[in-house]
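Data block below; observations after.
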Amino acid sequence: MPSMESQVEIERAAAALAGAERVVVLTGAGVSAESGVPTFRASDGLWEGHRIEDVATPYGFASNPRLVWQFYNGRRANLQNVTPNPGHHALAAMERHWRDRFALATQNVDGLHRRAGSERVLELHGNIQRTRCTGCAQVEDRGLEPLGELPQCPRCGAMLRPDIVWFHEMLPDDILWEAQQAASECDVFLVVGTSAVVYPAAGLIPLAKQTRTPGATVIEINLNATEASHLADIGLYGPSGVILPLLVQKLGIKVEHA
Ligand code: OAD
């Protein structure tokens, strides 16, 4: 049962959304946590036991591609056993409600938003289902099929890599631009399940708030306060798989489970 204080905040958030013409959402690993996908920043600073530099940088891949593929194959295999949770479904329902006045930018590479029925998903950090050839640059959606230890391009034979954005790499220009454009035009900006420490994704929050006057109302949904909390007008602290469905219910938006 939410406290009185949090009930007031949920009502404020629902009222802001009810009056919003345009809505943008930024999600991070926390939105998939209740599906059983581990988040990134554990207290030991490791990603599932690995140093970030070893498994999520171009240098890590160049020095030990076998280890990197082992890591991503493990994550791909894990995704075969998870399904979208009520938070993903609630966001898909929001898109059906606001249609082209709604955009969902995600830092997640797990594909769970699409599996929940979201269509306009701006995948800022790529998608773990896709591979990219290090030789001919061909991108292919390989679903979640096992890819082997050192998968090779079926076209040119060069080594494949996951089509995701690693540290020290650029985000896809067109997707980032679309997210920035949407953020700068929205009335409500929801920040869900992200520690908001990785840029340029986290930069969408001040962009939404400061591009126009008055800027967007920023609503943060997280288990706890983050680097972005000082920018939030409304903070809803608890699991997104509970809070998002509650919000759409208050708005009278119907949720369809895929
Ligand atoms: P983090 O692991 O940094 O943060 C996850 C956030 O989710 C934390 O703030 C948690 O408090 C919150 N959280 C956990 N469970 C939650 C729940 N059930 N409901 C709501 N919130 C919950 O993940 P990100 O912020 O997504 O980049 O990390 C951003 C980027 O850093 C990732 O996309 C990845 C990583 O390096 C790349 O791979 C380029």
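Laboratory data are not the source of any read-out in this text; all were calculated from the coordinates shown. Since this is a predicted model, take the numbers as computed values, not measurements. Reconstructed Cβ throughout: ideal geometry from the backbone, glycine too, with neighbour counts over all protein chains shown.
If you take the beta carbon distance between Q210 and E169 as r and set R0 to 22 Å, what does 1/(1 + (r/R0)^6) give as a FRET efficiency, to the nearest 0.05? Present the calculation step by step, with values, prior to reporting the outcome.
Numbers: r = 27 Å, r/R0 = 1.21.
It comes to 0.25.
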### Query
Regarding the chain, what are the three Cα extents along the principal axes, ordered largest first, in Å?
56, 37, 35
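Sorted by mean Cβ packing within 10 Å, highest first, what order do the peptides 122-131, 207-216 take?
On the way: 122-131: 21.3, 207-216: 16.3.
Result, highest mean Cβ count within 10 Å first: 122-131, 207-216.
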#### Entry: Value of [θ]222 nm, deg cm²/dmol, for the chain, DSSP H segments ≥ 4, -39500 (n - 2.57) each, nearest 500
-10000 deg cm²/dmol
### Task
Order these peptides, 154-166, 19-31, by their mean beta-carbon neighbour count within 10 angstrom, highest first.
19-31, 154-166
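Using the Kirkwood formula on the Cα atoms of segment 133-237, what hydrodynamic radius do you get, in angstrom to one decimal?
Value: 16.3 Å, from the Cα pair sum.
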### Task
For segment 47-103, evaluate the Debye formula with one uniform point scatterer on each Cα (no solvent term) and list log10 I(q)/I(0) at q = 0.22, 0.23, 0.29 Å⁻¹, rounded to two decimals.
-0.79, -0.82, -1.09
#### Entry: Overall Cα dimensions of segment 1-80 - principal axes, largest extent first, Å
52, 30, 25
#### Entry: Cα-based convex hull, segment 60-204, per residue volume (Å³, whole number)
122
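Among the DSSP beta bridges whose two residues both lie in the chain, what percent are antiparallel, rounded to the nearest 5?
Numbers: 9 of 31 bridges.
Of those bridges, close to 30 percent are antiparallel.
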### Query
Per 5 Å bin, what is the whole-percent P(r) computed from every C-alpha pair distance within segment 119-158?
6, 21, 27, 26, 11, 8, 2
### Message
How are the alpha carbon pair distances in segment 208-258 distributed across 10 Å bins from zero to the largest one, expressed in percent?
### Response
23, 41, 31, 6
### Summary
Helix 4-18: inclination vs the chain longest Cα principal axis, degrees, rounded to 10, gives 80
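What percent does the relative contact order of segment 41-113 come to when contacts are Cα pairs within less than 8 Å and at least six residues apart?
Reported relative contact order: 19 percent.
Would you kindly calculate the translational diffusion coefficient of segment 1-146, applying Stokes-Einstein with the Kirkwood radius from alpha carbon pairs, for 25 °C and a viscosity of 0.890 mPa s, and quote it in µm² s⁻¹ without decimals? If you can, show how the numbers build up before the last one.
Numbers: Rh = 17.3 Å.
The Stokes-Einstein estimate is 141 µm²/s.
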### Message
Roughly how far apart, in whole Å, are the Cα centres of segment 187-201 and segment 128-175?
### Response
26
